[in-house]
Structure formats: structure tokens, C-alpha cells
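Data block below; observations after.
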Amino acid sequence: MKRGRVNITSKCQGFASTDGRIKRHKPRPLGLSLSQRLVKDWGNLPHHVVLQIFQYLSLVDRAKASSVCRRWNEVFHIPDLWRRFEFELNQPATSYLKSTHPDLIQQIIKRHAQHLQYVSFKVDSCTESAEAACNILSQLVNCTIKTLGLISTARPSFMHVSQSHFASALTVVFVNSKSLSSIKIDDTPVDDPSLKVLVANNSDTLKLLKMSSCPHVSPAGILCVADQCHGLRELALNYHLLSDELLLALSSEKHVHLEHLRIDVVSESPGQTHFHSIKRTSWEALVRHSPKVNIVMYFYLEAEEFEPFFCEETPVTHLYFGRAVSKAMLGRVGLNCPRLVELVVCANGLQPLDEELIRIGERCKDLTAIGLGECEVTCRGFVEFVKKCGKRLTQLSIMEEVLIPDNSYNMEQIHTEVSKHLGRLWFPDMMPTW
């Protein structure tokens with residue numbers, strides 16, 4: 001059986017020309033490849049869009065992206081991209097963390113130092129990394145830095161840098177910036193003369209100063225800052241720098257309301273450190289001037305070193321005990337810390353803390369968060385504490401091992417009873433969450 005012929009004309013009527021002849025289409029010339037078209041499309045993105053993308057990239061990735069096209073290279077040098085920058089300085093032989101390449105650092109200093117405003121240095125435990133950070137700081141003579149942070153990811157490596165080298169580098173920034181508002185220099189060899197330079201050039205703009213574990217600073221040095229920097233709103237320091245004079249300076253009429261005061265109470269030589277007392281009137285002056293101030297205290301002491309604390313009413317709002325604390329000390333907290341908002345006890349002895357917790361629940365009317373680690377509380381005592389606090393307890397982190405079953409409640413019953421008083425479902429923690 002023969003196949004019928006196919007009528008091409010009828011099949012292609014839609015493509016016939018007006019004179020009846022079939023229109024032949026020329027094959028399209030090969031255009032841009034897919035990768036070329038993508039590059040062309042990405043290269044046409046507006047500057048502000050590329051700028052947003054670049055801000056999420058690391059410096060190395062940002063530098064690589066700048067070689068994609070001319071437009072992206074232009075964005076790479078826009079001043080707004082360099083206002084906020086973190087230098088990462090690590091030794092490859094001892095650290096797995098990435099590090100900013102020295103060539104890129106020099107390019108930044110040469111072309112963008114005047115644009116830097118929000119600067120931080122993240123260094124590893126090697127002294128060489130901290131010295132490299134000081135060398136960079138010494139070159140920032142044409143910038144107007146607003147925030148400065150020095151961060152050690154391991155042990156405080158800045159403390160192993162020559163004090164004169166560190167002070168000289170910091171002085172360069174303090175003198176040339178003149179608009180510093182935030183400084184985080186914990187665990188560094190900063191000293192009183194450096195703080196005087198800071199005050200002389202930035203007293204009108206300084207709002208935040210964090211300098212815990214700075215052994216070369218004296219109470220007189222930090223008092224100079226409080227006397228002159230009337231806009232200071234946040235301050236973090238070690239307890240040995242705290243004084244009645246400092247609290248009164250922060251309470252003067254010229255000073256703005258303090259928002260956050262962090263105090264680290266650390267024993268450098270266990271059993272040999274003497275801790276002074278702060279007068280109740282000094283605390284009262286501070287709270288009267290700044291009624292909403294958060295006073296945060298971190299304790300890392302031996303049991304016998306707590307004697308000077310909380311003998312009188314203390315307006316602390318957040319308390320963290322990093323080592324074992326006695327029942328007697330927690331009893332004082334319940335009696336003399338009426339502004340307490342958060343309490344964390346990492347360890348206690350083997351004596352139940354029922355009475356102490358119930359007293360804290362009764363007298364600390366603002367308590368909203370508590371965490372207990374290696375402690376002991378009977379189930380009945382714990383339920384009584386929760387009853388006193390009620391639904392205001394927004395965070396209740398208690399290890400299951402802390403609770404001791406008794407005649408009133410067993411472990412199966414206690415979560416139901418506590419959940420009822422909290423107004424939400426609650427279970428003991430299997431591991432610490434603080």
C-alpha cells in the first residue's frame with residue numbers, strides 16, 4: 001500500500017507569503033551564551049542592590065566579586081561599603097579561623113581608612129595577632145571611627161602585647177576620631193593616661209564603654225571618664241573599679257540616665273583578694289537618678305569571699321553566680337535585692353534551697369527568669385516558689401537533677417503542677433540552657 005503524499009502547502013499555510021510562495025526563515029545567529037547573559041543581567045543590577053549583596057559577603061568574597069564587571073568594581077569602592085568592617089587576624093599555624101589577607105588590609109588602609117566608622121578586631125590567642133591589630137590601629141590616622149571593638153576569641157591575647165605599644169596604638173584612634181560613641185576593650189592593657197586622652201577628645205560623644213578585666217586602670221581613671229562623659233549610658237567594669245565616688249558621679253544632674261551597668265566580681269587570687277563595700281546611699285543615689293538602670297553582676301568567687309556583698313539593700317537586677325554560692329548568700333539576696341529580675345545559680349551545696357527560693361519569690365516582685373544548675377530543691381519547695389512568682393516567670397530553667405521527689409510530688413506530677421501555675425506547659429531541662 002503506497003503512502004499518500006503529504007501536501008506541504010496545506011500544512012504550512014500559516015507561513016505562506018502574500019504572493020503564495022513559502023517564506024523561508026533564516027536560522028538565527030548564535031547569541032550570547034547562558035553564562036554571558038547571566039553576567040550581563042547581574043552586571044545591570046542597580047548600585048544599591050549590589051551594595052546590599054556585598055555587605056553580606058566576607059572581604060575575600062567581596063574582592064573576588066569586584067572583578068566580575070566594571071559596575072561591581074565601582075560598588076566595591078563605594079564609601080558606604082566600608083563604614084562597617086571587622087578585621088580578622090589569626091595565625092594559620094595555630095588557628096582554624098579565617099584571616100584577613102595582609103595585602104587586602106593595606107588596600108583598605110590606603111583607599112578606605114577615611115570611610116571606616118564601625119570597626120572591630122577579632123584576634124586569636126596568639127600575641128602576634130594582637131600586635132598586628134595594634135599595627136593597624138596605629139595607621140588609622142585619617143578616619144573618624146564611631147565604634148571600636150577589640151575581641152579575643154580565646155585567651156586575652158592583647159594582655160601579652162607591650163603596654164606602651166597598645167597605649168600608643170589606641171591613642172592614635174582616640175586623638176584622630178573625636179566622635180567615638182562605643183568602645184569595647186575588655187581584657188586589654190589600657191591604662192589611665194589612655195583614658196584621659198579618650199576623654200579629652202571624645203567626651204561629648206561617648207555613650208558606651210566596656211572595659212572588664214583591665215588591670216592597669218585605677219578607680220581614679222574610670223572616675224575621670226564618669227566625671228567628663230556626661231552622655232555615658234552603658235558601662236562595664238570590674239568590681240575593683242567600682243566606688244561610691246563613681247556611683248555619685250554617674251548620678252550627677254549633668255549626667256544622662258544610665259541604662260546599663262555591668263560589674264564583674266572576679267577573684268584574681270582566691271582567698272587573698274579583699275573586696276570593699278559600697279554604701280547603700282550611693283546605690284540609692286544612682287537608682288534615684290536612673291530609675292530604669294539595669295545593674296548586672298557576675299560573680300566568680302570562692303565561698304568565703306562573699307562576705308562584703310548584699311549585707312544591705314542592693315539594687316541589682318541581674319545576678320549570675322558562676323561558682324558555688326552558699327545558702328546564706330542566697331538568703332541575703334532574697335532579703336536585700338528587691339529589684340532582682342534574673343537569677344542564675346550554677347552550683348550550690350547539697351542542702352536544699354527551699355527557704356531561700358521561697359523568700360526570693362516573695363520579696364523579688366520583678367523576678368521573671370531563674371536558672372538552677374548543680375543545686376537541690378525539694379519538689380514541694382519548688383512548687384511553692386513557682387506559686388509565689390506565678391505567670392511572671394517567663395523563663396524557668398531547672399535541671400531535672402535539681403528536683404528532689406518528696407511526699408507531695410514525684411517527678412511525674414511536678415511538671416503538671418508547675419505548668420498550672422505558670423499558665424503554660426513546662427518540663428525540667430535535660431541540660432543547662434544558660
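The table below lists the values:
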{"quantity": "Condition check for V333: surrounded by 16 or more Cβ atoms within 10 Å (Cβ to Cβ) and either modelled with pLDDT under 90 or under 23 Å from V287 (Cα atoms) (or both)", "calculated": "yes"}
{"quantity": "Close pairs (7 angstrom Cβ cut-off, 6 or more residues apart or separate chains): more than 20 Å from I370 (Cα to Cα) in the range 303-329, crowded, with 20+ Cβ neighbours inside 10 Å and modelled with pLDDT of 90 or more anywhere", "calculated": "F306/M329"}
{"quantity": "The range 385-434, subset surrounded by 13 or more Cβ atoms within 10 Å (Cβ to Cβ) and among the polar types (S, T, N, Q), residue nearest to the chain's Cα centre (by Cα)", "calculated": "S397"}
{"quantity": "Residues that are open to solvent by 20 Å² or more (accessible area, probe 1.4 Å), assigned to a loop (DSSP other than H, G, I, E, B) and of a type in the set (A, V, I, L, M), drawn from the range 125-168", "calculated": "V141, A154"}
{"quantity": "Residue within the range 384-396 that is modelled with pLDDT of 90 or more and touching an Asp or Glu at 6+ places or on another chain (Cβ under 7 Å) present", "calculated": "yes"}
{"quantity": "Qualifying residue in the range 284-301 (condition: assigned to a strand (DSSP E or B), within 24 Å of L367 (Cβ to Cβ), modelled with pLDDT under 95 and open to solvent by 60 Å² or more (accessible area, probe 1.4 Å))", "calculated": "yes"}
{"quantity": "Residue in the range 266-280 that is part of a strand (DSSP E or B) and in contact with a strand residue (DSSP E or B) (Cβ under 7 Å, 6 or more places away or on another chain) present", "calculated": "yes"}
{"quantity": "Test: residue in the range 79-94 that is polar (S, T, N, Q) and open to solvent by less than 50 Å² (accessible area, probe 1.4 Å)", "calculated": "yes"}
{"quantity": "Residue check for F385: of a type in the set (F, W, Y) and under 23 Å from V325 (Cβ atoms)", "calculated": "yes"}
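The values are calculated or read from the model by the stated rules, or taken from the named source; none is laboratory data. Note that the structure is predicted; figures quoted are calculated from it, not measured. Here Cβ is always computed from backbone atoms with ideal geometry, including for glycine, and neighbour counts include all displayed protein chains. Accessible surface is based on the protein model in full, side chains and every heavy atom, while ligands, DNA and RNA are left aside. Shrake-Rupley method; radii C 1.70, N 1.55, O 1.52, S 1.80 Å.
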